[in-house]
Amino acid sequence: MADVEEWLARAGAALGVPVADVLPQDLRNQMLDLTGDIAHNVVRVAVPWTSYLMGVAVGRGASPEEAMRIVRELLPPPAAGER
């Protein structure tokens, strides 16, 4: 399945999560940026696990922005010559 919108709609419906309400485009973009930084500055395999931990934090009351801020602050600085 190549259409991400269709996939998100199906996954959201199956999980009982209103995608339009909880995953707007601006939040998707912020998450893509953060997970890209995790993949490149930590290790790729940390991306899904960190995303899961952020989701648990949000489920426990943190805002998505707060969860992303906390994780972003944990990232090592980019190597010299990057970014």
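The local environment of M54, defined by Cβ-Cβ distances under 15 Å, has a net charge of -1 under the rule Lys, Arg +1 and Asp, Glu -1.
A simple count of charges around L23, restricted to other residues whose Cβ falls under 15 Å of its Cβ and scoring Lys, Arg +1 and Asp, Glu -1, yields -4. For the chain, a Gaussian network of Cα nodes joined below 10 Å ranks A57, A20, A46 by mean-square fluctuation, and the top entry is A20.
Mean separation of Cα pairs under 8 Å and 6 or more residues apart, divided by the residue count, gives the chain a relative contact order of 22 percent. Here the translational diffusion coefficient of the stretch 23-78 follows from Stokes-Einstein with Rh set to the Kirkwood radius across Cα pairs; for 20 °C and 1.002 mPa s it amounts to 189 µm²/s. Note on R10/S51: beta-carbon distance plugged into 1/(1 + (r/R0)^6) with R0 of 25 Å gives a FRET efficiency of 0.85.
None of the figures in this text is laboratory data; all of them are computed from the coordinates on show. Keep in mind that this is a model prediction, so the values were computed, not measured. Cβ coordinates were reconstructed from backbone atoms using ideal geometry, including for glycine residues, and neighbour counts include every protein chain displayed.
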